[in-house]
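Asks: This is the structure I want to talk about, given as structure tokens.
The values are calculated or read from the model by the stated rules, or taken from the named source; none is laboratory data. Worth saying up front: this structure is predicted, and the values here are computed from it rather than measured. Quick reminder, even Gly has a Cβ in these numbers, built from the backbone with ideal geometry, and neighbours come from all protein chains shown. All accessible areas refer to the heavy atoms of the entire protein, side chains included, with ligands and DNA or RNA removed. Shrake-Rupley method; radii C 1.70, N 1.55, O 1.52, S 1.80 Å.
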Amino acid sequence: MTRHTHVVESNGYSRGPLIDSVRPYPDAIRFALNRLNGTSFWAYSLWRAPAGTDLLEDIPVSDEYMQSAGTAGALTVEVRVLDENGVAHQYTVGKPGETPTGAPAEIIRWDEGRHSTAVYPHEVFTADEAADLFYAYFQTDEVPDSYTLRELDLTR
């Protein structure tokens, strides 16, 4: 039996273990992200459970995670990490090789259009692109160095 190590969350409230009994982990992540439709399913998050957690007994939340919102055709990916002092930093992830200029102008909408965020063009992912990034995060708890990170202001 596989020991489940990660939690997934849908739409900010429905949580459970990431399982590989139906599909291997990379395919399970890709399947979920490809279901994002912006209305009934608009957000997907992933984080590592604390060591030794029995995810059949408890589904813990975490201060560090990767999350996405939008649709399978256009979504944003963010990562939240704690620094050595325990202070949270949240970043929008961008694809490699781009240097943005001006203000972000691409609009990603979710929750039937009730929420949106502005991002740069290189920060718009398809579900398949995001799936590769989520799987790398699943394996290492980090965003690969080739991606860009733009820190968000959490005080607003």
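Asks: Within the stretch 85-106, can you find the residues that are under 16 Å from the mean Cα position of the chain (by Cα) and not in a strand (DSSP E or B)?
Replies: From the stretch 85-106, those under 16 Å from the mean Cα position of the chain (by Cα) are 88-95; that's our starting set.
If the condition is that a residue be under 16 Å from the mean Cα position of the chain (by Cα) and not in a strand (DSSP E or B), then LYS95 is the only one that fits.
Asks: Still on this structure, I have one more. Give the number of residues within the stretch 37-55 that are under 12 Å from the mean Cα position of the chain (by Cα) and closer than 25 Å to GLY113 by Cβ.
Replies: Matching residues across the stretch 37-55 total 5.
Asks: Is there any pair with a first residue in the stretch 41-62 that is more than 17 Å from ILE29 (Cβ to Cβ) and free of Cβ contacts under 8 Å to residues at least 40 places away in the same chain and a second that is open to solvent by less than 70 Å² (accessible area, probe 1.4 Å) and in a loop (DSSP other than H, G, I, E, B) whose Cβ atoms are under 7 Å apart and which are 6 or more apart or on different chains, and what are they?
Replies: Listed pairs, sorted by first residue: PRO50/PRO60; THR53/PRO60.
Asks: Looking only at the stretch 118-131, which residues are free of Cβ contacts under 8 Å to residues at least 60 places away in the same chain and more than 14 Å from GLU151 (Cα to Cα)? Spell out the reasoning first.
Replies: Within the stretch 118-131, the subset free of Cβ contacts under 8 Å to residues at least 60 places away in the same chain is 118-126, 129.
Within the stretch 118-131, PRO121, HIS122, VAL124, PHE125, THR126, GLU129 qualify.
Asks: Shifting gears a bit: Condition first: more than 17 Å from the chain's Cα centre (by Cα) and either surrounded by fewer than 11 Cβ atoms within 10 Å (Cβ to Cβ) or modelled with pLDDT of 95 or more (or both). Now tell me which residues in the stretch 57-67 satisfy that.
Replies: GLU57, ASP58
Asks: Which condition from (1) at positive phi; (2) loosely packed, with under 14 Cβ neighbours inside 10 Å; (3) among the small types (Gly, Ala, Ser); (4) touching a strand residue (DSSP E or B) at 6+ places or on another chain (Cβ under 9 Å) is the one that ALA118 breaks?
Replies: Of (1) at positive phi; (2) loosely packed, with under 14 Cβ neighbours inside 10 Å; (3) among the small types (Gly, Ala, Ser); (4) touching a strand residue (DSSP E or B) at 6+ places or on another chain (Cβ under 9 Å), only one is false for ALA118: (1).
Asks: Out of all the residues in the stretch 68-79, is one or more within 14 Å of the chain's Cα centre (by Cα), surrounded by 16 or more Cβ atoms within 10 Å (Cβ to Cβ) and acidic (Asp, Glu)?
Replies: Looking for residues that are within 14 Å of the chain's Cα centre (by Cα), surrounded by 16 or more Cβ atoms within 10 Å (Cβ to Cβ) and acidic (Asp, Glu), one finds at least one in the stretch 68-79, hence yes.
Asks: Go through the stretch 114-148 residue by residue and tally those that are farther than 17 Å from SER45 by Cβ and either in contact with a Lys or Arg (Cβ under 6 Å, 6 or more places away or on another chain) or among the hydrophobic types (A, V, I, L, M, F, W, C) (or both).
Replies: Selection size over the stretch 114-148: 5.
Asks: In the stretch 13-36, what residues are open to solvent by 50 Å² or more (accessible area, probe 1.4 Å), under 26 Å from GLY113 (Cα atoms) and at pLDDT 95 or above?
Replies: Those that are open to solvent by 50 Å² or more (accessible area, probe 1.4 Å), under 26 Å from GLY113 (Cα atoms) and at pLDDT 95 or above: ARG30, PHE31, ASN34, ARG35.
Asks: How do the pairs read when you match residues in the stretch 20-31 that are free of Cβ contacts under 8 Å to residues at least 12 places away in the same chain and on the phi < 0 side of the Ramachandran plot with residues anywhere that are β-branched (Val, Ile, Thr) and surrounded by 13 or more Cβ atoms within 10 Å (Cβ to Cβ), using Cβ under 7 Å and keeping only pairs 6 or more apart or on different chains?
Replies: Note: pairs meeting the criteria are ALA28/ILE19.
Asks: Which of the residues belonging to the stretch 142-156 are open to solvent by 60 Å² or more (accessible area, probe 1.4 Å) and either within 14 Å of the chain's Cα centre (by Cα) or touching a residue at least 60 places away in the same chain (Cβ under 8 Å) (or both)?
Replies: GLU142, LEU149, GLU151, LEU154
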